[in-house]
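A.B. asks: Dropping the structure in here first, questions after.
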Amino acid sequence: MSAIENDGGRGSARAVAILSSIGRFLVIAVTTYLGLLAVTFFIGRVIPIDPVLAVLGDRAPANVVERTRREMGLDLPLIEQFYIYLKHALSGDFGTSVLTTNPVMTDIRRALPATTELATLGTLIGSVIGVPLGVLAAVKRGSLIDQIVRIIGLIGYSVPIFWLGLLGLVLFYAKLQWVAFPARLDVVYEYTFTPVTGFYLLDAAMQGQWDVFWDAFRHIILPASLLGYFSLAYISRMTRSFMLNELTQEYVVAARAKGLSERRIIWAHALRNAAVPMVTVIALSYAGLLEGSVLTETVFSWPGIGLYITNSLQNADMNAVLGGTIVIGSVFIAINLLSDLLYRVLDPRTKSQ
Amino acid sequence: MSVEAVQSRREWLLSERPASRTQARLGRAYVTWRRFTANRLAFVGLLIIIALLLVAALAGVLAPYSPTIGDLKNARLLAPSAEHWFGTDDLGRDIYSRILYGSRWTLYVVILVAIIAAPIGLLVGTVAGYAGGWTDAILMRITDIFLAFPKLILALAFVAALGPGIENAVLAIAITSWPPYARIARAETLTVRNSDYIKAVQLMGASPFRIVLRHIMPLCISSLIVRVTLDMAGIILTAAGLGFLGLGAQPPLPEWGTMIASGRRFVLDQWWVAGAPGFAILIVSLGFNLLGDGLRDALDPRSGDQ
Amino acid sequence: MSTLLDVEDLRVTFPTRTGLIEAVRGVSFSLGRERLGIVGESGSGKSQTGRAIMGLTPPQARISADKLSFDGIDLLAASPRERRALRGKRIAMILQDPKYSLDPVMSIGRQIVETLRTHEKVSKAEARERALAMLEAVQIRDPRRVFDLHPHEVSGGMGQRAMIAMMLIAGPEMMIADEPTSALDVTVQLDVLGILDRLVAERGMGLIFISHDLRLVSSFCDRVIVMYAGKVVEQLKASELSQAQHPYTRGLLNCMPRIGFERHPLPVLDRKPEWAA
């Protein structure tokens, strides 16, 4: 009985443990974010020979160049420049985009929902198909289904996503005409439809505009399936490996000794245990899809952050590139940290330690 | 050689009581090799990589046409045929020849990234692991920070600042891919740091520099090789992605990602222009993935299912 | 005494890359409503014997026997479904370490209820009541609280009691206990054994007690089987252990420390290949 007695002392010890783990978490979050800003500062201000030209392009008039030079604080020492850069970045000020003449943050705010919608749908597709496939492969290890899952995974790890996207367009858009052309909506709807959240599928459904919903679906389904395939490759492989590990545990033998059906042992016990690390995998795959959006959005003319970054790259619009990098980097870091937290919440073993 | 001779050589290799160090080492290599070849897919991977090396070396002999000069007048955007196996591109160049030459650029990128990133990771990891304390804490924090970044996006930003080009793409990929190597090297270092033979070397008065360089680094090499092989496919895909976005190799270099980018404009009508180089990327990355998987399984039987 | 379990010439073989490995090589015994101990070193095949009776041998292994019957049911001829219906309901098994053998992410109460509801159609409320009663029967003082705890939140001794509760709740007639106390602190070993002993006696169950600890087995069981290299080398009443004939059993007995005797040099177990032949 000793393990559950004496709660008073353990209670305060637990509070200290929780505080210190929160403290550790904050240190990691802050240093990682500072690291991201330091690297982007280095990229934007230190590597280019003349950062002003990198921001404005080489056709800017001399007086604008001079003014920008002062605005960017390039006459100041580097450390002071970094301080100003930090201050601006933390308040969401990434400067103005040369290409769109908007503040970079405004552009990003407009593009972020498109990217999020795509990545979310992709992860959804990847998890819903990938987890059961991985479980099946583990349970029927060495069977045909295991081989198929393995090959699906290997190809997913090896194929260039933009190339598969192009081939997908050739087949499903040009030849079969199952999906709509690369864009978010047909031109007709671009002007009649007013999004609220920026997630078109959600907005259209909420407003009851089912023709818009269907059109948005025809546009998103190919790029989302493509991203879904990549997330599936990763998720099914990891699920298989976690499940194989769980299925060798003693509690599985005990569950069999209790007379449980294999189905119950697999789905209610082994998968429930594997679910704890799976959360991290799915979160990482989501973060990976955000990153993969750069290439996918370019192929599918999807007006998200990825396309924004590549368009800006081609116009040497450094403010926009760095702003986009910082935003995607921040989301990436946040997802990483959140998945870590979620792991702790989901696993009862870590709760009381 | 007679059957018995083969049999006895096998027994000599597999002997449980090797008479010499060489015999033990050869025996272990033999077992590893057997485990590796027992995995048929890994063997296919090895064959693909050997084929890649051969093609890269012999591209000049194998390619029927020039990779950079095409027949603009008569041979634009031809469909695959006996004359042009994979068709021709918009400048009338033979795609098959360009893909053969492109293998050189793939190897160029992969090898350069590996010889830049792996030593950085090895150095950071072994120093952090051996020094411990604050050095370790700071180096590992930096490593973790880099690990938490989106690699492709960061590589993009680097190339954007450095300017497009295959050398800069290599540099950007190398800068973003060393952290996992540092983690591995550190983990290996920690396992040997307190072992008796390292203590013995310390007692003999070897400098920390010498211990890390001569006694710790060599131990980290084999797990590092596996990891680098597994990463090769990712490096190829990132390089191709940069090429596709116009940031990697510049035309007219026959780099596969760049070839896909230039084929993109007519992909709906002449799909083979973008199709063939993508397929080449797929095959080569698949080869590296299969090889890496097989190497890992052969060197570490425990992780066979990971 | 009616026979619950009849084992004749049981063999368990594992195919490996280097050939066949025979873990159990012709074991025969029978069990009534009594306590039978199986003793042996690790690798002697005692655990595989238990698992073969349960039907929990890994799928790649081959099992053969002239006879393997439980209460007149031929276990080798039974379908997987029939064997599953027996497990937990009529034959149960306790594993070594509750830290690993209880599902770490499911509450103890739910794991006990799960056994019951697999084998009997009972309402959730009734299942809960019976699980609480079972926890009380294994002498857990605060069953309501323990019901909602997760395995990592209880001590090893309590975990093993929960394991016993989980395995006994459907009222099996036979129990295989595979090293049930080896992972526990010495101080709680006897508690757990006492509980197990009382429940087995009260319910008139047959018990197979698998252990490497000859003294424990001899004080706890009615009969003892000594296994070596997959074979039974000796079978005798626990009370007659001191008259053991086989040199291996005698060797095991000699290894026991006794208070007040100098043990220099420490005796080493003698192993002769012909015993395994």
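The values are calculated or read from the model by the stated rules, or taken from the named source; none is laboratory data. This is a predicted model, so every value here is computed, not measured. For neighbour counting, all protein chains shown are included, and Cβ atoms are generated from backbone atoms with ideal geometry for every residue, glycine included.
A.B. asks: So for segment C:35-46 (the condition being under 19 Å from the mean Cα position of the chain (by Cα) and more than 14 Å from C:HIS212 (Cα to Cα)), does at least one residue qualify?
C.D. replies: yes
A.B. asks: Moving on to the next point. Name the residues in segment C:194-217 that are assigned to a helix (DSSP H, G or I) and surrounded by fewer than 23 Cβ atoms within 10 Å (Cβ to Cβ), would you?
C.D. replies: Within segment C:194-217, C:GLY194, C:ILE195, C:ASP197, C:ARG198, C:LEU199, C:VAL200, C:ALA201, C:GLU202, C:ARG203, C:LEU214, C:ARG215, C:LEU216 meet the criteria.
A.B. asks: Spot the failing condition for B:LEU219; the list is (1) in a helix (DSSP H, G or I); (2) of a type in the set (A, V, I, L, M); (3) over 25 Å from B:GLY132 (Cα atoms), and only one is missed.
C.D. replies: (3)
A.B. asks: Is it the case that C:ILE63 is modelled with pLDDT of 90 or more, surrounded by 23 or more Cβ atoms within 10 Å (Cβ to Cβ) and either of a type in the set (A, V, I, L, M) or in contact with a Pro (Cβ under 8 Å, 6 or more places away or on another chain) (or both)?
C.D. replies: Against the criterion (modelled with pLDDT of 90 or more, surrounded by 23 or more Cβ atoms within 10 Å (Cβ to Cβ) and either of a type in the set (A, V, I, L, M) or in contact with a Pro (Cβ under 8 Å, 6 or more places away or on another chain) (or both)), C:ILE63 does not qualify.
A.B. asks: Within segment B:63-98, count every residue that is of a type in the set (A, V, I, L, M), under 21 Å from B:LEU268 (Cα atoms) and surrounded by 15 or more Cβ atoms within 10 Å (Cβ to Cβ).
C.D. replies: Adding up the residues that qualify gives 5.
A.B. asks: Could you run through segment A:300-336 and say how many residues are more than 8 Å from every other protein chain (Cβ to nearest Cβ) and of a type outside the set (Gly, Ala, Ser)?
C.D. replies: Total satisfying the criteria: 14.
A.B. asks: Checking A:MET238 against (1) more than 18 Å from the chain's Cα centre (by Cα); (2) on the phi < 0 side of the Ramachandran plot, which test does it fail?
C.D. replies: So A:MET238 meets the others, but not (1).
A.B. asks: From the residues in segment B:158-210 that are basic (Lys, Arg) and under 19 Å from B:ILE116 (Cα atoms), which one is farthest from the other protein chains (Cβ to nearest Cβ)?
C.D. replies: Filtering segment B:158-210 for residues that are basic (Lys, Arg) and under 19 Å from B:ILE116 (Cα atoms), the one farthest from the other protein chains (Cβ to nearest Cβ) comes out as B:ARG186.
A.B. asks: Is segment C:45-53 home to any residue that is among the β-branched types (Val, Ile, Thr) and under 24 Å from C:ILE164 (Cβ atoms)?
C.D. replies: Looking for residues that are among the β-branched types (Val, Ile, Thr) and under 24 Å from C:ILE164 (Cβ atoms), one finds at least one in segment C:45-53, hence yes.
A.B. asks: Where in segment A:15-97 are there helices (runs of 4 or more DSSP H), lying wholly inside it, with at least 3 residues that are exposed (fewer than 14 other Cβ atoms within 10 Å of the Cβ)?
C.D. replies: Those helices (runs of 4 or more DSSP H) span A:62-71, A:78-90.
A.B. asks: Since A:GLU297 meets every condition but one in (1) more than 12 Å from chain C (Cβ to nearest Cβ); (2) touching a residue at least 60 places away in the same chain (Cβ under 8 Å); (3) surrounded by fewer than 24 Cβ atoms within 10 Å (Cβ to Cβ); (4) assigned to a helix (DSSP H, G or I), which condition does it not meet?
C.D. replies: So A:GLU297 meets the others, but not (3).
A.B. asks: Which residue pairs have Cβ atoms closer than 7 Å, lie 6 or more positions apart in sequence or on different chains, and pair a first residue in segment A:301-321 that is crowded, with 22+ Cβ neighbours inside 10 Å with a second residue that is of a type in the set (Phe, Trp, Tyr) and at pLDDT 90 or above?
C.D. replies: A:ALA320/A:TYR308
A.B. asks: I'd like the full set of residues that are more than 8 Å from chain A (Cβ to nearest Cβ) and surrounded by fewer than 20 Cβ atoms within 10 Å (Cβ to Cβ), limited to segment B:130-157.
C.D. replies: B:ALA131, B:GLY132, B:GLY133, B:TRP134, B:THR135, B:ASP136, B:ALA137, B:ILE138, B:LEU139, B:MET140, B:LEU147
A.B. asks: If you don't mind, another one. Does A:LEU124 meet the test of being assigned to a helix (DSSP H, G or I), within 20 Å of A:VAL279 (Cα to Cα), away from every other protein chain (no Cβ under 12 Å) and touching a Lys or Arg at 6+ places or on another chain (Cβ under 9 Å)?
C.D. replies: No: the conditions fail for A:LEU124.
A.B. asks: Taking C:ALA229 as the residue in question, decide whether it is under 23 Å from C:SER47 (Cα atoms), in contact with a Cys (Cβ under 7 Å, 6 or more places away or on another chain) and at pLDDT 80 or above.
C.D. replies: no
A.B. asks: What pairs can you find where one residue is in segment A:242-262 and facing chain C (nearest Cβ under 7 Å) and more than 17 Å from C:ALA92 (Cβ to Cβ), the other is of a type in the set (Gly, Ala, Ser) and not in a loop (DSSP other than H, G, I, E, B), and their Cβ atoms are less than 8 Å apart, with a gap of 6+ or different chains?
C.D. replies: A:GLN249/A:ALA270
A.B. asks: Return the residues of segment A:143-190 that are polar (S, T, N, Q), facing chain B (nearest Cβ under 10 Å) and either part of a loop (DSSP other than H, G, I, E, B) or crowded, with 20+ Cβ neighbours inside 10 Å (or both); say none if nothing qualifies.
C.D. replies: Correct list: A:SER158 only.
A.B. asks: Right, another one. Anything in segment B:182-197 that is part of a helix (DSSP H, G or I) and not hydroxyl-bearing (Ser, Thr, Tyr)? List them, or say none.
C.D. replies: The answer is B:ALA182, B:ARG183, B:ILE184, B:ALA185, B:ARG186, B:ALA187, B:GLU188, B:LEU190, B:VAL192, B:ARG193, B:ASP196.
A.B. asks: Pairs, please: C-beta under 8 Å, at least 6 apart or cross-chain, first residue more than 26 Å from A:VAL252 (Cβ to Cβ) and of a type in the set (Gly, Ala, Ser) and in segment C:115-138, second modelled with pLDDT of 95 or more and not in a loop (DSSP other than H, G, I, E, B)?
C.D. replies: Note: no pairs meet the criteria.
A.B. asks: Mind listing just one residue for me: the one in segment B:246-276 that is modelled with pLDDT of 90 or more and at the interface with chain A (Cβ under 8 Å from one of its Cβ atoms) and, of those, farthest from A:GLY288 (Cα to Cα)?
C.D. replies: In this case the residue turns out to be B:ILE260.
A.B. asks: Quick one: which of C:ARG110, C:ARG144 is touching a Phe, Trp or Tyr at 6+ places or on another chain (Cβ under 9 Å), part of a helix (DSSP H, G or I) and surrounded by fewer than 19 Cβ atoms within 10 Å (Cβ to Cβ)?
C.D. replies: That would be C:ARG110, the only listed residue that is touching a Phe, Trp or Tyr at 6+ places or on another chain (Cβ under 9 Å), part of a helix (DSSP H, G or I) and surrounded by fewer than 19 Cβ atoms within 10 Å (Cβ to Cβ).
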